[in-house]
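Worksheet: the structure to be examined is printed underneath.
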Amino acid sequence: MGIGEALALASAATWAVGVILARQLGSTLPPLALNLLKNGLVLSVLAPIALWLYAGQWPQLPTADLLLVLLSGVLGIAIADTLYFRALNELGAGRMGIIGNLYSPLVLLMGYVWLQERLGVQQWLGFGLVALGVLLVTRPSANGERTSGHTLRGVLIGMTAIALMAVAVVMVKRVLEQQPLLWVTLLRLLGAVVGLAAIAWLPAMRRWVAFSPRNVAWPRLVAAALVGQGLSMLCWLGGYKYTSASVAAVLNESASVFLVVLAAVWLREPLGRRGVVGVALTFGGIACMLLGRTSP
């Protein structure tokens, strides 16, 4: 296992911890406020570290690459993470973890189109198994009953969030290969925070950022930001820097293993037989993708 694969797995573990913490924060913080606070905190920590490590030397990015990285932050963090937290509040961590398994097939497809990373027969089979697993878990029960958080709206919001995350990372893959990891991470965060602040400034959105500071578990928020956002993002982008997008995406899917287990143990969220079958299908698909992967 190379450094890229190790970073992709580390990203999965830290992301799962962050999602569980964010799920617990969702009762006191609206998704937009949670996303803005988390990313603002990480930016305030990473910026001094980057300036110290690089002695104030700014990265030499062409204007087009700089705009691409900033746009990636707006799409993949400002918009996608806000939608993700919204869906997380409706669906719970376990089911959202299953929907997240759509991520690797999407990255594989985009890598094929934009990065010329070729898909084999086993990878296409894996795509089908993952999609089937997601549909099984998110389909309403036969008697038409749904739990209060398990709604079609939450599923659609969650899928949109995952799609935007996939687009955002594939679009900066080539920039990541050529530029320092920390600078790219910092610039994506800057784009995200500016985008979130602009969205929060809109009169129609201000009610979505209102919260009572006294009701917020600040130590938990700091942990969610530094572990589930900052450390996870560094590892996540590092995985894409040092290995192919398809391999990194497949290994990122191990996040749902951590997420389902943590949701069951930590949050006492029941998964049920359908969820178990859905997990089995999706991870069978992941195995097919990993066995059928090609070199970068």
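Where a number appears in this text, it was derived from the coordinates with a stated rule and is not lab data. Note that this is a predicted model, so its numbers are computed, not measured. Note: ideal-geometry Cβ built from the backbone for every residue, glycine included; neighbour counts use all protein chains shown.
Taking the charge dipole of the chain about its Cα centre, with +1 at Lys and Arg Cβ atoms and -1 at Asp and Glu Cβ atoms, the residue from Ala248, Leu125, Ser27 reaching farthest to the positive side is Ser27. Sorted ascending by nearby beta carbons within 10 Å, beginning with the fewest, Ile49, Ile79 become Ile49, Ile79. I need the shape label for segment 1-91. Rule: rounded when a/c is under 1.5, else prolate if a/b > b/c, else oblate, with a, b, c from the alpha carbon gyration tensor. In terms of gyration-tensor shape, prolate.
If R0 equals 30 Å, the separation of the Cβ atoms of Val227 and Leu291 corresponds to a calculated FRET efficiency of about 0.45.
How large is the helix-only mean residue ellipticity at 222 nm for the chain, computed as the sum of -39500 (n - 2.57) over DSSP H runs with n ≥ 4, divided by its residue count, in deg cm²/dmol to the nearest 500?
-22500 deg cm²/dmol
For segment 145-221, the gyration tensor built on C-alpha atoms gives an oblate shape. Its axis ratio a/c (a ≥ b ≥ c) is at least 1.5, and a/b is not larger than b/c. Once C-alpha pairs closer than 8 Å and six or more residues apart are averaged by separation and normalised to the residue number of the chain, the relative contact order reads 45 percent. Separation of segment 1-64 and segment 184-252, taken as the distance between their Cα centroids, equals 5 angstrom.
Taking a ≥ b ≥ c as the square roots of the eigenvalues of the Cα gyration tensor of the chain, is the shape rounded (a/c under 1.5), prolate (a/b larger than b/c) or oblate?
Here the chain falls in the oblate category.
Exposure proxy for Asp65, Asp81: other Cβ atoms within 10 Å of each Cβ, ordered fewest to most, give Asp65, Asp81.
Listing Lys241, Lys38 from fewest to most neighbouring C-beta atoms within 10 Å gives Lys241, Lys38. Take each peptide in 169-176, 201-208, 17-24, 107-114, count the other Cβ atoms within 10 Å of every residue, and average; sorted highest first, the result is 17-24, 169-176, 107-114, 201-208.
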